[in-house]
Structures are given as C-alpha cells and as structure tokens.
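Chemist: Got a structure for you, written out below as structure tokens; questions coming shortly.
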Amino acid sequence: MEITKAVIPAAGLGTRFLPFTKAVPKEMLPVLNKPAIQYIVEEGINSGISNFFMITSKSKEALANYLDSSPCLDMFLQERGKDKLLDKLNRIIRQANFTYVRQSEPLGLGHAISMARHSIGKEYFGILLPDDLIFGKQPGLDQLIKIARQEKASVIAVQEVPREAVSSYGIIAIKKQITPNLYQVGQLVEKPSQKDAPSTLAIIGRYVLSHKIFESIDEISGSATDEIQLTDAISNMMNNSEKVLAYKIQGQRFDTGTPLGWLKANIHMALQDPDYAPAIKEMLNDLGSININAHVVKPKR
Ligand code: G1P
C-alpha cells in the first residue's frame with residue numbers, strides 16, 4: 001500500500017494571529033529561520049509524500065509563490081556566490097509536486113479535505129494540519145504511514161492533553177488498546193466539554209485516511225448545521241466499517257496557530273540549533289536570575 005499523496009488544509013483566516021494575518025498567511029510565519037509551511041512540507045517529503053494538495057483561499061498567494069522556483073532570484077544569488085541560501089528550499093521544490101485548490105467559503109475542515117477528492121482517487125492519503133508542528137526523531141506523518149500500511153487501516157495521531165484543554169480538540173474514546181501507543185478507536189467527539197469528553201486523548205493534526213472519507217463527508221454534510229467537521233466524517237466512516245486506529249505520536253508538538261505556541265516553537269528550535277542555542281541559553285539564564293521582587297516597591301513603615 002503506497003501512500004504518496006497528502007492534503008494540507010491552509011485556507012483558514014488565522015484570526016488568532018491578527019493583525020499579522022491581515023496581509024500574510026499564518027503558514028508563512030517564520031519558526032527560527034524558515035516559514036512554518038516548510039517544516040510541514042519537509043515532514044511530508046521525509047515521510048514519502050511526493051504530491052501535495054494545498055487547500056488555500058484568496059489571501060494565500062504567498063504559499064504558492066514560496067513553493068515555486070524563482071529563476072531570477074537564483075541567478076542573482078549565483079552571481080554573488082550566495083546560491084547556497086536557497087539550496088534547501090529548491091531541493092524541496094524539485095522533489096515534490098504542489099497543487100493548489102481554492103476553498104472559496106470557510107465551511108470547515110471536512111469540507112476543505114473534500115476539495116482534494118478528485119486528486120486522491122482510491123488511495124489512502126495523508127493530511128497535515130499546518131498549525132501543528134511536530135519535532136522528533138521520526139517524522140510525525142511517517143509514524144502513521146507505517147502503521148496504516150501494516151494494519152491496512154486509517155490512523156489518526158493523538159496525544160494526551162490536560163482535561164481543561166479537551167474542548168479545543170477532537171477527543172477519542174478507546175475501543176481496545178493494541179500496544180502501549182496504539183488504540184482502536186471506539187468513538188470520536190469534536191471539541192467536547194470536560195464532562196462529555198470520553199478521554200483526554202486529543203487528535204493532533206496528522207491523519208492517514210482511506211479515500212472512503214470522501215463518501216462520509218458527503219453523507220454527513222446534509223445534516224451539518226454549521227461547519228463540516230472532519231472528526232464527524234471519520235466517525236461516520238467508522239460506522240460504515242472502516243477500521244480507525246489512533247497512535248500516540250512520538251515527538252514534541254507545538255500549535256503555531258497561537259502566538260504562545262509559535263513563540264514556544266521558536267525557543268524550542270533555537271535551543272536545538274548550535275548557532276543559536278548558546279545565546280538563547282544565556283538569555284534564559286539571565287532572565288531566570290532576575291529577582292522580580294527587587295523591582296517591587298515596598299510600602300514605607
Ligand atoms: C482541528 C480538528 C480537531 C483537532 C485539531 C488539532 O481543530 O478539528 O479535531 O484536534 O485540529 O490541532 P482546529 O484546531 O482546526 O479547530
């Protein structure tokens with residue numbers, strides 16, 4: 001079972017990152033020294049993906065421009081002996097195909113994924129949500145692909161989250177624990193309240209799904225009152241006898257769709273990079289040694 005196609009839904013307005021996202025897509029925010037989208041595409045390529053289908057919207061032209069060759073810039077840099085600067089990016093651009101599909105109305109993640117149906121055909125395919133950056137030894141999507149091939153099943157990534165956070169995620173109910181990190185899913189609930197959450201295992205933005213998901217999206221879209229949720233479509237697919245597994249993904253995950261998550265991802269990456277780590281460690285040490293109480297003015301007796 002070959003899995004070489006992946007969908008990247010990147011049509012969101014990025015309201016949690018306004019005013020920045022008024023003019024620049026959030027996927028172009030730099031994490032250390034390259035835009036978030038580059039980490040996502042690199043993860044895909046390192047997981048064996050060669051065809052990416054990016055679901056975009058009107059204000060996302062920068063994504064297509066970034067992942068396209070630019071002969072004039074290449075020549076300019078070459079003449080100045082600086083061609084190495086774009087080497088890594090150009091390698092990605094040569095290694096994979098990028099197709100862009102516009103989602104003209106924000107009708108939800110399920111709807112965004114359905115826009116790629118004609119390009120996927122009858123195969124299992126990957127989904128990478130670009131807000132979620134996952135850093136670790138093995139690429140996040142690759143972890144799921146290996147299991148999907150072995151088990152001939154759809155696989156979604158999960159991680160434990162604090163109970164206070166369940167209402168920000170899709171949450172799974174476990175039907176059966178297969179290995180310490182692999183579960184058969186019994187039920188999925190999108191953004192439940194704390195009391196309705198069947199567990200604290202939250203869906204993280206990586207999936208390998210059967211093409212049957214497209215029929216399920218059609219089936220649920222009639223009854224969807226607001227957005228068409230991917231989580232609901234996966235539940236429907238499971239009810240139509242597709243086996244769905246959940247894998248506790250290994251690695252550190254950052255939600256770069258929020259300023260705090262993005263900042264943490266930057267600090268994490270800086271601490272991994274020998275060019276930046278010493279200066280950042282020194283800065284953090286200096287901050288740690290500041291006695292904030294020294295700045296508090298004590299009342300006079
Ligand atoms: C989406 C999914 C949700 C998942 C989350 C992971 O929600 O609908 O099930 O847990 O991504 O980041 P969003 O964050 O787009 O609201």
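Chemist: Please determine, by comparing only the residues of region 107-125 that are surrounded by 22 or more Cβ atoms within 10 Å (Cβ to Cβ) and not hydrophobic (A, V, I, L, M, F, W, C), which one is farthest from Phe53 (Cα to Cα).
Modeler: Gly108
Chemist: Read through the list (1) under 25 Å from Val101 (Cα atoms); (2) touching a Lys or Arg at 6+ places or on another chain (Cβ under 9 Å), then give the number of the only condition that Ile145 fails.
Modeler: (2)
Chemist: Go through (1) within 30 Å of Gln184 (Cα to Cα); (2) within 16 Å of the ligand (Cβ to nearest atom) one by one and return the number of the condition Ile120 breaks.
Modeler: Unmet for Ile120, out of (1) within 30 Å of Gln184 (Cα to Cα); (2) within 16 Å of the ligand (Cβ to nearest atom): (2).
Chemist: Which condition number does Gly170 fail, the rest of (1) free of Cβ contacts under 8 Å to residues at least 60 places away in the same chain; (2) within 12 Å of the ligand (Cβ to nearest atom); (3) touching an Asp or Glu at 6+ places or on another chain (Cβ under 8 Å) being met?
Modeler: Gly170 satisfies every listed condition except (1).
Chemist: Which members of region 214-230 meet the condition of being under 17 Å from Glu123 (Cα atoms) and out of contact with any Lys or Arg (no Cβ under 9 Å at 6 or more places or on another chain)?
Modeler: If the condition is that a residue be under 17 Å from Glu123 (Cα atoms) and out of contact with any Lys or Arg (no Cβ under 9 Å at 6 or more places or on another chain), then Glu215, Ser216 are the ones that fit.
Chemist: For the structure I just gave you, tell me whether Asp255 is more than 14 Å from Val185 (Cβ to Cβ), out of contact with any His (no Cβ under 8 Å at 6 or more places or on another chain) and surrounded by fewer than 16 Cβ atoms within 10 Å (Cβ to Cβ).
Modeler: When the stated conditions are applied, Asp255 does not pass them.
Chemist: With within 14 Å of the ligand (Cβ to nearest atom) and either of a type in the set (Lys, Arg) or surrounded by fewer than 17 Cβ atoms within 10 Å (Cβ to Cβ) (or both) as the only criterion, which of Pro198, Pro130 stands out?
Modeler: Step by step, each of Pro198, Pro130 is checked, and only Pro198 is within 14 Å of the ligand (Cβ to nearest atom) and either of a type in the set (Lys, Arg) or surrounded by fewer than 17 Cβ atoms within 10 Å (Cβ to Cβ) (or both).
Chemist: Please verify whether Glu42 is within 16 Å of the ligand (Cβ to nearest atom), among the acidic types (Asp, Glu), at pLDDT 95 or above and not in a loop (DSSP other than H, G, I, E, B), treating the condition exactly as stated.
Modeler: Judged against the criteria, Glu42 is not a match.
Chemist: Filter region 1-29 down to residues that are within 15 Å of the chain's Cα centre (by Cα) and part of a helix (DSSP H, G or I) and give me whichever is surrounded by the fewest Cβ atoms within 10 Å (Cβ to Cβ).
Modeler: Among residues in region 1-29 that are within 15 Å of the chain's Cα centre (by Cα) and part of a helix (DSSP H, G or I), the one surrounded by the fewest Cβ atoms within 10 Å (Cβ to Cβ) is Met28.
Chemist: Something else now. Quick one: what pairs do we get from region 102-121, first residue closer than 12 Å to Thr56 by Cβ and among the small types (Gly, Ala, Ser), second within 16 Å of the ligand (Cβ to nearest atom) and not in a loop (DSSP other than H, G, I, E, B), C-beta under 7 Å, 6+ apart or different chains?
Modeler: Ala112/Pro9; Ala112/Ile55; Ala116/Val7; Ala116/Ile55
The values are calculated or read from the model by the stated rules, or taken from the named source; none is laboratory data. This is a predicted model, so every value here is computed, not measured. A quick note on method: Cβ atoms are made from the backbone with ideal geometry, for glycine too, and the neighbour counts reach across all protein chains shown.
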